[in-house]
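Undergrad: One structure, pasted below without further comment.
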Amino acid sequence: MLLRTIAFSGASVLLATSAFAQSGADTAYCKSLSGAYRDYARGGVVDGEIATAMSQCDSNPNSSIPVLEKILTGNKIKLPARS
(Lines give C-alpha, C1' and ligand atoms only; values in the text may rest on other atoms or scores of the structure.)
Protein backbone atom coordinates (compact mmCIF):
# COMPACT_ATOMS: atom_id res chain seq x y z
CA MET A 1 0.00 0.00 0.00
CA LEU A 2 2.81 2.42 0.88
CA LEU A 3 4.59 1.63 -2.38
CA ARG A 4 1.40 2.34 -4.32
CA THR A 5 1.00 5.70 -2.54
CA ILE A 6 4.60 6.66 -3.28
CA ALA A 7 4.24 5.69 -6.94
CA PHE A 8 1.02 7.68 -7.27
CA SER A 9 2.59 10.71 -5.58
CA GLY A 10 5.60 10.53 -7.88
CA ALA A 11 3.39 10.33 -10.96
CA SER A 12 1.40 13.33 -9.75
CA VAL A 13 4.55 15.39 -9.32
CA LEU A 14 5.75 14.46 -12.81
CA LEU A 15 2.42 15.42 -14.37
CA ALA A 16 2.33 18.73 -12.50
CA THR A 17 5.90 19.52 -13.53
CA SER A 18 5.12 18.71 -17.16
CA ALA A 19 2.02 20.92 -17.11
CA PHE A 20 4.00 23.78 -15.56
CA ALA A 21 6.74 23.48 -18.18
CA GLN A 22 4.17 23.54 -20.99
CA SER A 23 2.45 26.52 -19.41
CA GLY A 24 5.78 28.36 -19.21
CA ALA A 25 6.44 27.70 -22.89
CA ASP A 26 2.90 28.83 -23.76
CA THR A 27 3.34 32.02 -21.74
CA ALA A 28 6.62 32.80 -23.48
CA TYR A 29 5.08 32.18 -26.91
CA CYS A 30 2.06 34.31 -26.06
CA LYS A 31 4.36 37.15 -25.03
CA SER A 32 6.28 36.77 -28.30
CA LEU A 33 3.00 37.05 -30.20
CA SER A 34 2.12 40.15 -28.18
CA GLY A 35 5.49 41.65 -29.01
CA ALA A 36 4.96 40.96 -32.69
CA TYR A 37 1.61 42.73 -32.54
CA ARG A 38 3.11 45.71 -30.69
CA ASP A 39 5.77 45.98 -33.40
CA TYR A 40 3.01 45.90 -36.02
CA ALA A 41 0.88 48.50 -34.20
CA ARG A 42 3.94 50.75 -33.66
CA GLY A 43 2.65 52.56 -30.61
CA GLY A 44 -0.95 52.73 -31.79
CA VAL A 45 -3.84 52.14 -29.45
CA VAL A 46 -4.40 48.47 -28.69
CA ASP A 47 -7.92 47.77 -27.52
CA GLY A 48 -10.73 45.26 -27.62
CA GLU A 49 -10.11 41.58 -28.13
CA ILE A 50 -6.39 41.98 -28.84
CA ALA A 51 -5.81 44.00 -25.65
CA THR A 52 -7.63 41.37 -23.61
CA ALA A 53 -5.60 38.56 -25.18
CA MET A 54 -2.33 40.39 -24.59
CA SER A 55 -3.19 41.10 -20.96
CA GLN A 56 -3.97 37.43 -20.30
CA CYS A 57 -0.70 35.93 -21.53
CA ASP A 58 0.47 35.28 -17.96
CA SER A 59 -2.80 33.97 -16.58
CA ASN A 60 -4.44 32.27 -19.56
CA PRO A 61 -2.08 31.84 -22.49
CA ASN A 62 -4.04 28.93 -23.98
CA SER A 63 -7.02 31.14 -24.77
CA SER A 64 -4.89 34.15 -25.76
CA ILE A 65 -2.65 32.39 -28.27
CA PRO A 66 -5.36 31.57 -30.86
CA VAL A 67 -6.67 35.15 -30.74
CA LEU A 68 -3.20 36.63 -31.23
CA GLU A 69 -2.30 34.16 -33.98
CA LYS A 70 -5.53 34.93 -35.85
CA ILE A 71 -4.98 38.70 -35.68
CA LEU A 72 -1.34 38.42 -36.77
CA THR A 73 -1.94 35.99 -39.64
CA GLY A 74 -4.94 38.05 -40.74
CA ASN A 75 -2.58 41.01 -41.08
CA LYS A 76 -0.02 38.84 -42.90
CA ILE A 77 2.48 39.08 -40.05
CA LYS A 78 4.89 36.17 -39.70
CA LEU A 79 4.36 34.32 -36.44
CA PRO A 80 7.35 34.00 -34.11
CA ALA A 81 8.91 30.57 -33.66
CA ARG A 82 7.31 28.43 -30.99
CA SER A 83 9.71 26.52 -28.76
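Undergrad: Specify which of the listed residues (A21, A36) is surrounded by 10 or more Cβ atoms within 10 Å (Cβ to Cβ), out of contact with any Lys or Arg (no Cβ under 7 Å at 6 or more places or on another chain), at pLDDT below 95 and assigned to a helix (DSSP H, G or I). First the steps, then the outcome.
TA: Working: A36 fails: at pLDDT below 95.
Answer to the selection: A21.
Undergrad: Okay, next question. Looking at the range 39-51, which of its residues are among the aliphatic types (A, V, I, L, M), closer than 13 Å to I71 by Cα and exposed (fewer than 14 other Cβ atoms within 10 Å of the Cβ)? I'd like the intermediate steps shown before the answer.
TA: Going residue by residue through the range 39-51, those that are among the aliphatic types (A, V, I, L, M) are 41, 45-46, 50-51.
From what is left, the residues that are closer than 13 Å to I71 by Cα are 41, 46, 50-51.
The answer is A41, A51.
Undergrad: Count, please, the residues in the range 59-72 that happen to be touching a Leu at 6+ places or on another chain (Cβ under 7 Å) and more than 15 Å from A28 (Cβ to Cβ).
TA: As a first pass, look at the range 59-72 and keep what is touching a Leu at 6+ places or on another chain (Cβ under 7 Å): 65, 68-69, 72.
Imposing the further condition that a residue be more than 15 Å from A28 (Cβ to Cβ) reduces the set to 72.
The total comes to 1.
Undergrad: Then there's this: Can you name every residue in the range 60-83 that is at pLDDT 95 or above and either in contact with a strand residue (DSSP E or B) (Cβ under 8 Å, 6 or more places away or on another chain) or of a type in the set (S, T, Y) (or both)?
TA: Hits for the range 60-83 are S63, S64, T73.
Undergrad: Starting from the range 52-81, keep only residues that are surrounded by fewer than 16 Cβ atoms within 10 Å (Cβ to Cβ), then list their pairs with residues that are assigned to a loop (DSSP other than H, G, I, E, B) and not hydroxyl-bearing (S, T, Y) whose Cβ atoms are within a distance under 9 Å, requiring at least 6 positions of separation or different chains.
TA: So the pair list comes out as S63/Q56; T73/L79.
Undergrad: What are the residues in the range 41-64 that are of a type in the set (D, E) and in a helix (DSSP H, G or I), if any? First the steps, then the outcome.
TA: To start, the set of residues in the range 41-64 that are of a type in the set (D, E) comprises 47, 49, 58.
Hit for the range 41-64 is E49, nothing else.
The values are calculated or read from the model by the stated rules, or taken from the named source; none is laboratory data. Note that the structure is a prediction, hence the values are computed from the model and not measured. Note that each Cβ is placed from the backbone with ideal geometry, even for glycine, and that neighbours are counted across all protein chains shown.
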